[in-house]
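Presented below is the structure to which this report refers.
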Amino acid sequence: MTAADSRIAVYTGSFDPLTLGHLNVIQRSSRLVDRLIVGIGVNIEKQSMFSPEERVELVERVTSDIPNVDVRAFYGLAVTFVRECGARLMLRGVRSLGDIEAEFTMTLANRKLDPEIETLYLMADDEFSHVSSSLIKQIAALASDDELARFVPREIVPDIRRKIR
């Protein structure tokens, strides 16, 4: 199979921090494609918990058992990053109707920017529909490690603890 024949998808997001919902989408979508690139978007206007390099390392650590997953940071437009990866499929995880409304607007803009890139939405499993990176930032200081591990991969709980102290 040549690179042109392979099915490459790119799952973009801030992943700050990575949640169990993100991981659920990564695991499920990795089974649908030959290669999944997790694109860690960098928004310089947003106050981040983790640096882009730290987020790449955390996602790599948690997905190390999934052989077809590659993790990279990117600056700029997601649609440009997808094109640079040699992909034509952008994956987006959605949790709620509010997510879908926002994603719909972004998809229409992306189609104007590059009509050859398709967007595929994957719903996180219902047990993760309420989990967001914003929620993690709100509860991290008050939640025990076991409570926090209900929302994020257990192996990154110590990393989150170091950031909130």
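The values are calculated or read from the model by the stated rules, or taken from the named source; none is laboratory data. Being a predicted model, the structure only gives us computed values, none of them experimental. Because the Cβ atoms are built from the backbone with ideal geometry, glycine has one as well, and the counts that use them run over all protein chains shown. Just the protein is used for accessible areas: all its heavy atoms, side chains included, with ligands, DNA and RNA removed. Shrake-Rupley method; radii C 1.70, N 1.55, O 1.52, S 1.80 Å.
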Quiz prompt | the chain, helix-only ellipticity at 222 nm - DSSP H runs n ≥ 4, -39,500 (n - 2.57), divided by all residues, nearest 500 | solution = -11500 deg cm²/dmol
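Can you give the convex hull volume per residue for the Cα atoms of the chain, as a whole number of Å³?
On the way: hull volume 18.5 nm³, N = 165.
So the per-residue hull volume is 112 Å³.
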Practice problem: State in Å² the accessible area per residue of the chain; use a 1.4 Å probe, count heavy atoms of protein chains only, and round to the nearest integer. | Solution: 56
Self-check item: Approximate spin-label separation SER51-SER64, in nm, with each point projected 7 Å along Cα-to-Cβ
Solution: 2.0
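Find the relative contact order for region 51-165 and round it to a whole percent, using C-alpha pairs within less than 8 Å whose residues are 6+ positions apart.
Numbers: 79 pairs, mean separation 24.9, N = 115.
For region 51-165, the relative contact order is 22 percent.
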Self-check item: Extension gain, ARG111 back to ILE44 (0.36 nm per residue minus Cα-Cα distance, nm)
Solution: 21.7 nm
